[in-house]
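Inspection log for the structure reproduced underneath, given as structure tokens.
The values are calculated or read from the model by the stated rules, or taken from the named source; none is laboratory data. Fair warning: this is a prediction, and the values are worked out from it, not measured in the lab. Heads up, the Cβs are rebuilt from the backbone with ideal geometry, glycines too, and the neighbour counts pull from every protein chain shown.
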Amino acid sequence: MNPATAAPPTARSDTRTQTSVTCPFCSLLCDDLEVTNRGGSLGVSAGDCARARAGFEREYTVQPPQIGGRSVSLEEAVAAAVRLLRGARHPLYGGLGTDVAGMRGLLALADKTGGIVDHMLGDSMYRNILAMQDRGWILTTMTEVRNRADVVVFANLDAVSDHPRFFERNIWNADSMFGLPTKSRQVVYLGEGLNTRPGISPDGRKPLHLKNEPERLGELIGALRALLAGQSLQAEAVAGVRVSALMKLLGIMKGAKYGVIIWSPPRLPFASADLIVEAICDLVKELNAQTRFSGFALGGNEGILTAGAVCAWQSGYQLRTDFGAGFPEFDPTRNATARLLENDDVDLLMWTATFLAGHTPPATRAPTILLAPPLPSVDSRCAVYIPVGTPGVDHRGQMCRVDNVVSLPLHQVRESALPSVAGVCDLLLQSL
Ligand code: SF4
């Protein structure tokens, strides 16, 4: 993880190229990008990654803050936001799409104003956290997947839709430690509507694909667990997959030297999907009686892992913590954004989204303060809008990677007049 390096200016004095740049636009945090800055317009070389290009090459315009749709100075916008924060009895700090420093600032505000913190992807995050709290799990890291996994099962996801370079970086990587021939990996997909082309090995071997109905993944995992326990099934098919195909898959999983099953919380948008995550984690534990197998949760976009980590470091609790009583109170059901807004349980929404998603805050009767990058149009319901920079583009920062074992430095790749979220939080805290 080399620091980004700036090459000497090329023929045009306003053109610079940086190498080993870390990308903040999905939770893989690839740190091998090359970014060329031509007078503030960025061009990125990032393998086959439209997501990185959408983030880095987003049009950069200097835009003034707004109060009720009217352009104002930063000082006026901060003063208006302070008035709203002072008047609020129970604000919600939502979105939380930012870096470590930005999240520290938002937590300090929540602590000072008696607010609640929740991320825009909080519902999907809790599919994992509830499973982990209830049952525990055996998870592995991205480095272990890259260097050790000989069987990789994707449960209801193709990985590349949300993390475009996952196969390039972790499955068909040319080099690996411990002598693993990566192109001989067995890739398995479970589910329909997936882009399975990246699962074809460099030597043309097709992946195994079992097309279960996505919302019935839990039944399929249950059937695998029953077969693993030596039970017979009184059915010819489960969730649309023939039992003979399940037996074949089980044979592959039991034959793995280091198997990994990957799921993505946002790709399980079903009621009680934490029970599906629990079933996957139980299957992993049971497979470990016979071989080595691990789970891997491939979510974490829009800074949710960073927000969760900072909240845990500083308060001792995960997101969905309420500071209204003067101390942190954790309640993942009561403190969910959708429930709080629907029931008018908060009287101010401060919404932060600096990456690719969530630039339009959710509908609410409460006044809204929006911290987001320059936008073509701002939701007219926002009482105050303060344009901010994106970490890793407009300013330096740090974020937590998808496997939660490292945080990576982000680099500034252009001069920017936009303040960071942390900078705006500092200004607000000074005036509160
Ligand atoms: S896969 Fe993710 S981190 Fe890597 S370049 Fe693409 S968007 Fe950026």
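Hey, any hits in the range 381-398 for a residue that's within 21 Å of Met125 (Cβ to Cβ) and surrounded by fewer than 22 Cβ atoms within 10 Å (Cβ to Cβ)?
Narrowing the range 381-398 to residues within 21 Å of Met125 (Cβ to Cβ): 391, 397-398.
This time we only want the ones that are surrounded by fewer than 22 Cβ atoms within 10 Å (Cβ to Cβ), so: 398.
Yes.
Would you point out which residue out of Arg89, Arg83, Arg104 is over 22 Å from Ala422 (Cα atoms), more than 9 Å from the ligand (Cβ to nearest atom) and either part of a helix (DSSP H, G or I) or not assigned by TED's automatic domain parsing to the domain that holds Asp162 (or both)?
Details: Arg83 fails: over 22 Å from Ala422 (Cα atoms); Arg104 fails: over 22 Å from Ala422 (Cα atoms).
When all the criteria are applied, what remains is Arg89.
Just one of (1) surrounded by fewer than 24 Cβ atoms within 10 Å (Cβ to Cβ); (2) more than 21 Å from the chain's Cα centre (by Cα) trips up Trp313, so point out which.
Tallying (1) surrounded by fewer than 24 Cβ atoms within 10 Å (Cβ to Cβ); (2) more than 21 Å from the chain's Cα centre (by Cα), Trp313 fails exactly one: (2).
Can you tell me which residue is modelled with the lowest pLDDT among those in the range 379-431 that are over 16 Å from Asp99 (Cβ atoms) and under 23 Å from the mean Cα position of the chain (by Cα)?
Of all residues in the range 379-431, those over 16 Å from Asp99 (Cβ atoms) come to 379-387, 403, 405, 414-415, 417, 427-431.
Still in the list and also under 23 Å from the mean Cα position of the chain (by Cα): 387, 403, 405.
Working: Pro387: 97, Asp403: 93, Val405: 89.
Here the answer is Val405.
Among strands (runs of 3 or more DSSP E) lying entirely in the range 381-432, which contain 2 or more residues that are farther than 27 Å from Asn128 by Cβ and not assigned by TED's automatic domain parsing to the domain that holds Val145? Full working, then the answer.
Details: elements: 382-387, 397-400, 407-410.
Those strands (runs of 3 or more DSSP E) span 382-387.
Take the range 316-342 and flag every residue that is under 20 Å from Ser272 (Cα atoms), surrounded by 18 or more Cβ atoms within 10 Å (Cβ to Cβ) and touching a Leu at 6+ places or on another chain (Cβ under 9 Å).
If the condition is that a residue be under 20 Å from Ser272 (Cα atoms), surrounded by 18 or more Cβ atoms within 10 Å (Cβ to Cβ) and touching a Leu at 6+ places or on another chain (Cβ under 9 Å), then Leu319, Pro332, Asn335, Thr337, Leu340 are the ones that fit.
Consider Asp32 against the criteria (1) more than 21 Å from Ser420 (Cβ to Cβ); (2) away from the ligand (no atom under 11 Å from the Cβ); (3) out of contact with any Asp or Glu (no Cβ under 7 Å at 6 or more places or on another chain): it satisfies all of them except one. Which criterion is unmet?
Of the numbered conditions (1) more than 21 Å from Ser420 (Cβ to Cβ); (2) away from the ligand (no atom under 11 Å from the Cβ); (3) out of contact with any Asp or Glu (no Cβ under 7 Å at 6 or more places or on another chain), the odd one out for Asp32 is (2).
Return the total of residues in the range 49-77 being surrounded by 12 or more Cβ atoms within 10 Å (Cβ to Cβ) and near the ligand (Cβ under 10 Å from one of its atoms).
Initially, the range 49-77 is screened for residues surrounded by 12 or more Cβ atoms within 10 Å (Cβ to Cβ), giving 49, 51-58, 60, 63-69, 71-72, 74, 76-77.
Within this subset, residues satisfying the condition of being near the ligand (Cβ under 10 Å from one of its atoms) are 49, 51-56.
Of the residues in that region, 7 qualify.
Just the residues that are surrounded by fewer than 16 Cβ atoms within 10 Å (Cβ to Cβ) and within 16 Å of Val260 (Cβ to Cβ), please, taken from the range 177-199.
Met177, Phe178, Ser184
Does the range 21-37 hold any residues that are among the hydroxyl-bearing types (Ser, Thr, Tyr) and over 19 Å from the mean Cα position of the chain (by Cα), and which are they?
Here is the first cut: in the range 21-37, the residues among the hydroxyl-bearing types (Ser, Thr, Tyr) are 22, 27, 36.
Residue satisfying the conditions is Thr36 alone.
Do we have Leu356 as in a loop (DSSP other than H, G, I, E, B), touching a helix residue (DSSP H, G or I) at 6+ places or on another chain (Cβ under 8 Å) and within 29 Å of Leu410 (Cα to Cα) here?
Numbers: in a loop (DSSP other than H, G, I, E, B): yes; touching a helix residue (DSSP H, G or I) at 6+ places or on another chain (Cβ under 8 Å): yes; within 29 Å of Leu410 (Cα to Cα): yes.
Yes.
Determine if the range 207-214 includes at least one residue that is in the same structural domain as Ala256 (by TED's automatic domain parsing), at pLDDT below 95, within 21 Å of Leu268 (Cα to Cα) and more than 16 Å from the ligand (Cβ to nearest atom).
Scanning the range 207-214 turns up at least one residue that is in the same structural domain as Ala256 (by TED's automatic domain parsing), at pLDDT below 95, within 21 Å of Leu268 (Cα to Cα) and more than 16 Å from the ligand (Cβ to nearest atom).
So how many residues does the range 337-353 have that are in a loop (DSSP other than H, G, I, E, B) and at negative phi?
As a first pass, look at the range 337-353 and keep what is in a loop (DSSP other than H, G, I, E, B): 343-347.
Now narrow it down to the ones that are at negative phi: 343, 345-347.
Total satisfying the criteria: 4.
Matching residues to (1) among the hydrophobic types (A, V, I, L, M, F, W, C); (2) over 24 Å from the mean Cα position of the chain (by Cα); (3) farther than 28 Å from Cys49 by Cα:
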| position | (1), (2), (3) |
| --- | --- |
| Thr182 | no, yes, no |
| Tyr189 | no, no, no |
| Thr196 | no, no, no |
| Arg225 | no, yes, yes |
| Ala229 | yes, yes, yes |
| Val241 | yes, yes, yes |
| Ala245 | yes, yes, yes |
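Determine whether the range 138-155 contains at least one residue that is in a loop (DSSP other than H, G, I, E, B), crowded, with 20+ Cβ neighbours inside 10 Å and under 21 Å from the mean Cα position of the chain (by Cα). Don't jump to the end; show me each part of the working.
Of all residues in the range 138-155, those in a loop (DSSP other than H, G, I, E, B) come to 138, 140-141, 149-150.
Adding the requirement that they be crowded, with 20+ Cβ neighbours inside 10 Å leaves 140, 149.
With the extra rule that they be under 21 Å from the mean Cα position of the chain (by Cα), the set shrinks to 140.
Yes: the range 138-155 contains one or more residues that are in a loop (DSSP other than H, G, I, E, B), crowded, with 20+ Cβ neighbours inside 10 Å and under 21 Å from the mean Cα position of the chain (by Cα).
Here's the yes/no breakdown for (1) buried (at least 23 other Cβ atoms within 10 Å of the Cβ); (2) among the aliphatic types (A, V, I, L, M):
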residue: Leu217; (1), (2): yes, yes
residue: Ala237; (1), (2): no, yes
residue: Arg242; (1), (2): no, no
residue: Leu249; (1), (2): no, yes
residue: Pro269; (1), (2): no, no
